[in-house]
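All remarks here apply to the structure that follows.
The values are calculated or read from the model by the stated rules, or taken from the named source; none is laboratory data. Owing to the predicted nature of the structure, the values given are computational and were not obtained by experimental measurement. Don't worry about glycine lacking a Cβ; one is built from the backbone with ideal geometry, like all the others, and counts go over all protein chains shown. These accessible areas exclude ligands, DNA and RNA; they are computed on the full protein's heavy atoms, side chains included. Shrake-Rupley method; radii C 1.70, N 1.55, O 1.52, S 1.80 Å.
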Amino acid sequence: MKIGLIGNPNVGKSLIFHQLTGIGVEVSNYPGTTVDLFSGTLCYRKERIDLVDLPGIYSLEGKSPEEEIVRNFITGEEVEGLVAVLDATHLERNLYLLLQVAEYKKPLVVVLNMMDEAEKRGIEIDREKLSSIIGTEVIPVTATQGKNVGEIIPAILFRSRTPDITIPYDLHIEAAIRTLVSVHGISRVVALQALQGMVDDPGIAESAGTLAREIEEVHRMSVQQIIAGNRHRCARVIAEKVIRKREEVTAGSLDTLLTSRVWGPVILCAVLAAILLSVFSIGSYLEEFLVGSFESLIVQPFLSLGLEPLPEQIGLAILLALQAGLGIAFPFIFTFYIFISILEDSGYLTRAAFLADSTMHRLGMHGQGIIPLILGFGCNVPAIMGLRLLRTRRERVIASFLVSMIPCSARTVIIAGIVAVFVGFGAALSIYVITFGLIILTGIVLSRITPGERYGMILELSPLRVPEPGNVLAKSWYRIREFLVIAMPLLVAASIVLGLLQYIGFFSLFAELVAPFSETILGLPGYAASALLFGILRKEMALETLVILSGTADLASVLTAGQIYVFAVVSVLFIPCISTIAVLVKVVGARITFLVSLYTLILGICIGALINILVV
Amino acid sequence: MKTSAGEDILEAACLLLEKEKSIPTVRKVAGRLSEDEDRVRKEALELEKGGFLRLEEGDIIELSEKGREAGLRTIQKHTVLERFLSEILGMERAAASEEACILEHDISDETADRLEGFIAVPRGRGRRLQRGRRRLLTLADVPEGTDLRVVTVRCRGGYERLADLGILPGETIRVVHILNHKAVVVRVKGCDVALSPEIASSILVERLQ
Ligand SMILES: Nc1nc2c(ncn2[C@@H]2O[C@H](COP(=O)(O)OP(=O)(O)OP(=O)(O)O)[C@@H](O)[C@H]2O)c(=O)[nH]1
Ligand SMILES: [Mg+2]
């Protein structure tokens, strides 16, 4: 049995999905967290249920990709029921979508989520009345506390009903629907879509077009606007009937401060800078501690065993991989994820988008584009997935370039792990300055040369909330788990292979081959250039490979400060990692992915060479 | 006959004369148009033959009455097109201006006049409500905390989301925040929605008493 979770963005669908299936999906406090279908199975009294988490939408009749995904899903044959999730604090607006969903005549259960916040605001909803108006069961839920979530599945299995509410449309629209239904034998829903120019069949489209033009002539409004107006009116009437107490929402003083003309932008910059600095200091503190204890407790005793050269080489390779992975990469990546999760759950990201709108216009996007850019600091992969939220291909193309250049936590590992430690704090920050400068320049140039249409920002601000520590930790854990189960084994395996290759002298051969190139252009020894290549697999592997190939975690003893700096700059800038390339292909296509890779490759080498000439 | 390059010269000379109150010369005009001076001089000589202007000592361009009229006309077409593209079609100002530079040479006087009339008076319900008003109020023009009724939503195509969120003619909304560059947050149906300036300035509103 296939069931879909449908509703406006940011109403808690993914959280309910997670609680019902136990699958860790992204739950964040901004609209558009989920951009694709996500399905999971659960069993209830021997009944197997495929539950599908859908992207949040405002309408079933829009043209944006997520609206199309959801429309295709619910018109599919195999869907046997829908759980409509509504935000009890914004009932009227949420009813607008529910009324549209009701037109599709699928078995339905309505969930009123966020009951805790509704209560706090003194909103009382008459559930019986709502239930009798819509003609389905209405379940009050507080997903964060898991309250009543267990009722959803039995309700949809045994008590779901087809809603029996119909929206009274304007007389002309109703007449047009009747004409279309009787002439073409289509359903009411399809007739409505045809009037809004959404049906491909040329015959239907033509007669619907004629009718629509006549209606627009009389009303002097577009058919979409008339239909939307009718639905909003119907939603308001229902809301007025069922909401017993309604208080006027006022913007909190915190919100006023965060979005004020003067302080807003200052706070935005301060927040981002504070996050970077805290990750730096907390990460390096942990790193020092972990690497130090690892060295004295494990590596030194191992070396003093005095094994044969081959086992010693392999053993050392494994230990170095563990040391670099757990000791250097883990502290930075984990701290970063915690901060990003806090930011996502606080609701601040949408305010950042509002504040950054004019700046983002200069970079060829609109405010919403800043959300993937900020998420990119954690990891480029989910950030690029989030690009689907941008409405035009032009914006997605520009953003794909910029996001791929954002120093993600793996690149922070390189910057903080070697530059800050061996060269200096100022030098580490200067890499950020260089990267941001290049990102801005790239954005300005791309916004001039990229063809395509432009749209402005229409973005619902998510409510400000104190992030739940549980959700923050769980989310960071899911993300870091990916690092532990995928990256660490890869790292150890690669490390063993590297150790063997080094043992048989392969690397000195390869290093000799690339040495002339890397030494003249970048001023780096051959093995550092091989390490750079490994950075394409995973960014932090550039560092780990460098440690393995040079045979020590104390890089200052084998490389000069200038060399370390150039190494870091090049590995931060050049070619996104393999997983980023894979999602880029999915989101913007192979051609743009190729261009992004080529551009960053050239950029990395050029800037590296430039620094080598100028500074070193 | 005047060419589009010729029209550009008349337009630039007119702008210099009327807006900046400076005497147009071949150099200044070439500077405005980012064109080669020799090319401008050659075009200007052609225009001189048509009686649009006279090239005086020191490359000064002296517009004739006919030349001035043609220049003003082109300026008007440019402004109308730019407003149409940005306010009604929702294009960004800069892009709209560039596009207007190309289109201004090809549209007829009648089309320009009709477009101007169309922009000045919005369609539909707005026509009745707005009659007799000199300036139209948009979302970008009101201070924070004002309650408003939406009169017309001028942007079409790609902006259905506005209607889905409840920003459509007849609905009441309130401006909650407004930034210096006119990005606004409006409260509609209890939800706060952030809008880019180009969208805010294409939503016509009236104050609620
Ligand atoms: N206070 C409160 N917060 C909730 C409740 N349910 C969900 N949330 C929060 O609401 C936010 C949005 O939750 P999600 O599950 O990501 O929402 P979604 O509907 O999947 O959103 P999209 O994927 O963007 O469509 C998260 O920050 C949740 O923690 C609730 O019952 N009470
Ligand atoms: Mg979701």
Helix A:590-614: inclination vs chain A longest Cα principal axis, degrees, rounded to 10, gives 40 degrees
Averaged over the residues of A:214-226, the number of partner chain Cβ atoms within 10 Å of each residue's own Cβ comes to 4
Counting only protein heavy atoms and rolling a 1.4 Å probe, one gets per residue an accessible area for region A:2-158 in Å² of 35 Å²
For the protein assembly as shown, the accessible surface attributable to carbon and sulfur atoms (probe 1.4 angstrom, ligands and nucleic acids excluded) amounts in percent to 59 percent
Heavy-atom accessible surface buried between A and B, both sides counted, 1.4 angstrom probe, nearest 100 Å², is 3900 Å²
Within 10 Å of the Cβ of an average residue in A:448-457, the count of other chain Cβ atoms is 5
Rounded to the nearest 10, the angle in degrees between the Cα long axis of helix A:506-521 and the longest principal axis of the Cα atoms of chain A comes to 80 degrees
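Provide a whole-number value for the mean count of partner chain Cβ atoms within 10 Å of the Cβ atoms in peptide A:366-373.
The shielding value for this peptide is 2.
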Expressed in nanometres to one decimal, the distance between label points 7 Å along Cα→Cβ at residue B:79 and residue A:131 is 6.4 nm
CD proxy, 222 nm, chain B: helix-only mean residue ellipticity via -39,500 (n - 2.57) per DSSP H run with n ≥ 4, per residue, nearest 500, stands at -13500 deg cm²/dmol
Along region A:133-146, Karplus-curve 3J(HN,Hα) (6.51, -1.76, 1.60; θ = phi - 60°) to the nearest Hz, with x for Gly and Pro, reads 5, 7, x, 9, 6, 10, 10, x, 9, 10, 5, 4, 9, x
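Which of the three applies to region A:493-616, rounded, prolate or oblate, going by the alpha-carbon gyration tensor with a ≥ b ≥ c and a/c under 1.5 meaning rounded?
On the way: a/c = 2.02, a/b = 1.29, b/c = 1.58.
Verdict is oblate for region A:493-616.
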Per its Cα gyration tensor (rounded if a/c is under 1.5, else prolate when a/b beats b/c, else oblate), the protein assembly as shown is best filed as oblate
Sorted on mean Cβ neighbours within 10 Å (highest first), peptides A:421-427, B:187-193, A:373-379, A:71-77 come out as A:373-379, B:187-193, A:421-427, A:71-77
Note, region B:136-143: 3J(HN,Hα) by Karplus (6.51, -1.76, 1.60, θ = phi - 60°), whole Hz, Gly/Pro = x, goes 8, 8, 10, 4, 7, 9, 9, x
Contour minus Cα-Cα span, residue B:208 to residue B:95, at 0.36 nm per residue, comes to 37.3 nm
With the 8 Å Cα cutoff and a minimum separation of six or more residues, chain A has a relative contact order in percent of 11 percent
Length gained, residue B:39-residue B:62, 0.36 nm per residue minus C-alpha separation, equals 6.5 nm
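Tally Lys/Arg at +1 and Asp/Glu at -1 over every other residue whose Cβ is under 13 Å from the Cβ of residue B:98; what's the total? Provide the component values of the computation, followed by the final result.
Working: positive: A:448, A:454, B:93; negative: B:82, B:92, B:99, B:104.
Summing Lys/Arg as +1 and Asp/Glu as -1 gives -1.
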Taking a crude spin-label model, label points 7 Å out from Cα along the C-beta direction, the residue A:504 to residue A:80 distance in nm is 5.7 nm
The helix A:393-405 Cα axis meets the longest alpha-carbon principal axis of chain A at an angle in degrees, between 0 and 90 and rounded to 10, of 30 degrees
Label model pair residue A:484, residue B:141: point-to-point distance (7 angstrom along the Cα→beta-carbon line) in nm is 6.1 nm
The local net charge around residue A:193, scoring Lys/Arg +1 and Asp/Glu -1 for residues other than residue A:193 whose Cβ lies under 15 Å from its Cβ, equals -4
Using alpha carbon centers only, region B:151-191 is separated from region A:102-159 by a whole-angstrom value of 29 Å
